[in-house]
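The values are calculated or read from the model by the stated rules, or taken from the named source; none is laboratory data. Being a predicted model, the structure only gives us computed values, none of them experimental. A quick note on method: Cβ atoms are made from the backbone with ideal geometry, for glycine too, and the neighbour counts reach across all protein chains shown. Side chains are part of the model used for accessible areas, which takes the heavy atoms of the whole protein and leaves out ligands, DNA and RNA. Shrake-Rupley method; radii C 1.70, N 1.55, O 1.52, S 1.80 Å.
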Amino acid sequence: MNIFELLNARRAVKNFDSNFVIPNEDIEKLLSAATLAPSAFNIQHWRFVIIKNRELRNQLRSAARDQPQVTDASLLIVLCADLQAWTKDPAKYWENVPQAVRDFIVSAIHNYYADRPEVQRDETMRSCGIVAQTIMLTAKEMGYDSCPMDGFDFAQVAKIINLPNDHIISMMIAIGKSNKEPFPRATRLPLGNIIINDQFITA
Ligand SMILES: Cc1cc2nc3c(=O)[nH]c(=O)nc-3n(C[C@H](O)[C@H](O)[C@H](O)COP(=O)(O)O)c2cc1C
């Protein structure tokens with residue numbers, strides 16, 4: 001599919017074939033492709049927590065308003081981010097560039113994030129949002145359906161997955177084979193409602 005066909009074909013799917021087993025090679029192919037997504041300073045804050053354990057899936061479903069995708073999807077990712085990734089040997093994100101460039105970027109990373117917890121958090125969410133869509137579009141190209149999810153109790157899910165204190169949950173992504181047509185696609189706002197030319201008009 002070309003990108004326009006993919007964008008049209010991707011839907012948030014609620015019903016997955018719970019018997020379908022996704023091959024490990026496909027998981028690896030999908031997640032490797034997704035890492036080509038852009039991230040702030042190439043820090044790749046995202047962490048993919050893959051939930052295979054059935055009992056954990058059941059617990060997560062309870063924490064997610066009993067949404068069936070959580071147990072029925074072939075692959076369930078709790079998409080997390082490392083809030084401190086910018087402090088963890090940041091030169092490793094730029095190993096293959098000349099030393100002078102690397103030094104410049106490492107110093108820029110420090111100046112940008114230090115003492116700015118709101119920026120630290122926002123940046124992880126921006127990067128996770130982009131990687132999430134990259135995962136979902138790649139999954140569609142590979143013949144899989146997906147559902148992004150944040151309809152869950154974040155504190156409960158954090159406990160279930162044993163989330164470290166310096167990490168944060170962005171969303172869940174359920175991936176598998178749809179076994180029911182989704183609703184017709186919900187209204188998209190006309191561009192006139194969402195494009196602002198140059199400046200917002202103040203009252
Ligand atoms: C951040 C986010 C959270 C969402 N959470 C849920 C969810 O918990 N359960 C669900 O069924 N769909 C969830 N959705 C899917 C949206 O309802 C869906 O994307 C939207 O209605 C548009 O439908 P479409 O993706 O099929 O075009 C979520 C989507 C996003 C982006």
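Scanning segment 96-126 for residues that are part of a helix (DSSP H, G or I), among the charged types (D, E, K, R), exposed (fewer than 14 other Cβ atoms within 10 Å of the Cβ) and more than 16 Å from the ligand (Cβ to nearest atom) returns 103, 118. Within segment 127-155, residues that are without any contact (Cβ under 8 Å) to a residue 24 or more places away in the chain and open to solvent by 40 Å² or more (accessible area, probe 1.4 Å) have Cβ atoms under 8 Å from residues that are within 11 Å of the ligand (Cβ to nearest atom) and not hydroxyl-bearing (Ser, Thr, Tyr) in these pairs: 150/171; 150/172, counting only partners at least 6 apart in sequence or on another chain.
Quick check on segment 165-183: of everything there that is in contact (Cβ under 8 Å) with a residue 40 or more places away in the chain and open to solvent by 30 Å² or more (accessible area, probe 1.4 Å), which residue is nearest to the chain's Cα centre (by Cα)? Outline the logic, then answer.
From segment 165-183, those in contact (Cβ under 8 Å) with a residue 40 or more places away in the chain are 166-180, 182; that's our starting set.
Now restrict to residues that are open to solvent by 30 Å² or more (accessible area, probe 1.4 Å): 166-167, 171, 177-180, 182.
Details: 166: 18, 167: 14, 171: 6, 177: 19, 178: 20, 179: 23, 180: 24, 182: 21 Å.
Among those that are in contact (Cβ under 8 Å) with a residue 40 or more places away in the chain and open to solvent by 30 Å² or more (accessible area, probe 1.4 Å), it is 171.
Screening 13, 70, 21, 49 for residues that are hydrophobic (A, V, I, L, M, F, W, C) and open to solvent by 50 Å² or more (accessible area, probe 1.4 Å) leaves exactly one candidate, 21.
Taken as a whole, the condition of being more than 10 Å from the ligand (Cβ to nearest atom) and without any contact (Cβ under 8 Å) to a residue 40 or more places away in the chain does not apply to residue 186. Taken over segment 150-161, residues that are part of a loop (DSSP other than H, G, I, E, B) and within 15 Å of residue 57 (Cβ to Cβ) amount to 1.
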